[in-house]
Amino acid sequence: MPKEWPTIAKLETFIPASQGDGGDYHRQGAGHWIIQGNISCPMHKYPDWRESRAKWGIGVLGSLFVKVTATDGTVGFATGFGGPPACWLIEEHFARFVVGADPRDTNMIWDQMFRASIFYGRKGLPLAAISVVDLAIWDLLGKIRGEPIYKMIGGRTKKEIPLYLTGPKPASAKKLGFWGGKVALPHGPPDGPEGLKKNVEYLKQKREEVGPDYPIMVDCWMSLDVPYTLQLVKAVEDAGVKIHWWEEVLHPDDFDGHRTLKKAFPHILFTTGEHEYSKYGFRKLIEDRSIDILQPDVMWLGGLTELIKVAAMAAAYDIPVVPHGSGPYSFQAIMSFPNSDFCEYIANSPDGSEVYPSFGDLFTNEPLPKNGKIDLSDAPGFGLELNPNANLVPYSDFFKPTKGIGYASEKPQ
């Protein structure tokens, strides 16, 4: 470690231009399982937009890449979600809190970005932008210290990380050694009683493919309501189909709905949190104890700095924290968190039957599961090496304001 700590000299943003590269795993080609229309979602209410999730715009924002350079030349970087709009927020607003800062001051940098954007932020895109900046700073910090992230936030709590696989083929998950498989629910309330029956038959088929004991989880992607969930869970139980947990069944803000479901089915596991943001968003989920497993996304909720806080809050209530996706960023946190026993891995191949890197070809050494498990090296930071052939489009190439509109980053005279 240096005797005199470097500060952050430069912050840059880019768009990974190659399809499938970067943190927005929804930006996939036609035919990829993750953008198909046979996944229940809030937009299924409108027939014109049911053909595919890509049609209504699930990948419209795209990926983001942030690079921070210290005064000693050390470079940290991270990818995430948010595309050009996130680049604007980072370059024109958040950069002022980063450039010139000591990279060890992660709490202060995060707090300043969050407080300065409360009037338009708190959730969604602004938090996703903050997340990627935060991850890049942690990567820089690890490289300066010469340590992996997990060693800087508490060290190893497990030998390796068991994984479950999200994709349309739980039989493939079982074959590849993952401890469980999570499938997307195909139908929701707009499909009526017939759709509910099809859901039961679909889940029954998946159960038959893997046998009676292999864990199957169901991702409902915010698409159900309380009455439909009550009917569906009961119908699946009556059909003798064992489901390990039901995920994100309700709108993220329906806290009362989660309480109703837990009261009705105290023996059923319900999970959520993928689309929740910051410690403030998770506070009520934790205090209410209606959710059995929290699933924050480290690339969305506010980065590693905020994930650490949410995990600590949940630990006080003995609630497990199992981050949503995010590959290497989640692995480093889970390796250190005592209340995170396993992690999700998303089947990134087009048909969902094989394991591909979470971030496409953006990095050359992204760790891949072996027999359904992940171990981590002691490579500094997040341990990722940027692909020298990565197609990264700099912010200045796609945002060129004309004279007169001014830059939001202009400092007051």
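The values are calculated or read from the model by the stated rules, or taken from the named source; none is laboratory data. None of these values were measured; they are calculated from a predicted model. Ideal geometry is used to build each Cβ from the backbone, glycine not excepted, and the neighbour counts take in all protein chains shown. Just the protein is used for accessible areas: all its heavy atoms, side chains included, with ligands, DNA and RNA removed. Shrake-Rupley method; radii C 1.70, N 1.55, O 1.52, S 1.80 Å.
Odds and ends about this structure:
- Projected label distance in nm at LYS400 and TRP5, using a 7 Å step from Cα toward the beta-carbon: 4.0
- Using θ = phi - 60° and Karplus 6.51 cos²θ - 1.76 cosθ + 1.60, couplings along the range 351-358 (whole Hz; Gly, Pro as x): 9, x, 9, 10, 9, 10, x, 4
- In the elastic network of the chain, a GNM with C-alpha springs shorter than 10 Å, the most mobile of TYR329, TYR395, TYR356 is TYR395.
- Placing a label point 7 Å from the Cα of ASN371 along the Cα-to-Cβ line, the residues of the range 152-195 whose backbone N sits under 11 Å from it are 177.
- Put simply, the amide H of ALA9, placed in the peptide plane, has neighbours under 5 Å in THR69, ALA70, THR71, GLY100, leaving out anything fewer than 5 places away on its chain.
- Surface per residue (accessible, 1.4 Å probe) for the range 151-210, Å²: 45
- Once the Cα atoms are used to define both axes, helix 255-264 deviates from the longest principal axis of the chain by about 30 degrees.
- Shown here are the Rg and Dmax of the Cα trace of the range 199-244, at 10.7, 30 Å.
- Between ASP253 and GLU201, the distance separating the two model label sites (each 7 Å from Cα on the Cα→Cβ line) works out to 3.7 nm.
- The range 90-107 and the range 153-217 have Cα centres spaced 40 Å apart.
- Summed over all non-identical Cα pairs, the Kirkwood treatment of the chain gives a radius of 21.9 Å.
- Stretch gain in nm, segment GLU209-THR364, where the contour uses 0.36 nm per residue and the Cα spacing is subtracted: 52.3 nm
- Separation in nanometres of the label points that stand 7 Å from Cα toward Cβ, at THR157 and THR71: 3.6
- When shorter helices are ignored and each DSSP H run of at least 4 residues is given -39500 (n - 2.57), the per-residue value for the chain at 222 nm works out to -9500 deg cm²/dmol.
- Percent carbon-and-sulfur accessible area, the range 23-173, ignoring ligands, DNA and RNA, probe 1.4 Å: 54
- Cα-based helix-to-principal-axis angle, 278-288 vs the chain, degrees rounded to 10: 30
- Beta bridges by DSSP in the chain, antiparallel share as percent, to the nearest 5: 50
- Carbon/sulfur fraction of accessible area - the range 233-320, other protein chains in place, 1.4 Å, %: 54
- Centroid-to-centroid, using Cα positions, the range 344-368 and the range 252-298 are 28 Å apart.
- Rounded to the nearest 10 degrees, the angle from helix 125-145 to the longest Cα principal axis of the chain is 60 degrees.
- Built amide H within the under 5 Å cut-off of GLU147, gap 5+: GLY381
- In the chain, taking the dipole from charged Cβ atoms about the Cα centre, the farthest positive-side position among VAL210, TYR395, TRP138 is held by TRP138.
- 5 angstrom amide H check on GLN36, placed H, neighbours 5+ away: ARG53
- Phi-derived couplings, Karplus 6.51 cos²θ - 1.76 cosθ + 1.60 at θ = phi - 60°, listed residue by residue for the range 74-82: 5, 10, x, 8, 7, 10, x, 10, x Hz, with x used for Gly and Pro.
- Per residue, the average separation of C-alpha pairs within less than 8 Å and at least 6 apart gives the chain a relative contact order of 21 percent.
- Residues in the range 231-248 carry Karplus couplings, in order, of 5, 5, 4, 5, 5, 5, 4, 5, 7, x, 9, 7, 10, 6, 7, 10, 10, 6 Hz; the curve used is 6.51 cos²θ - 1.76 cosθ + 1.60 with θ = phi - 60°, and Gly or Pro positions show x.
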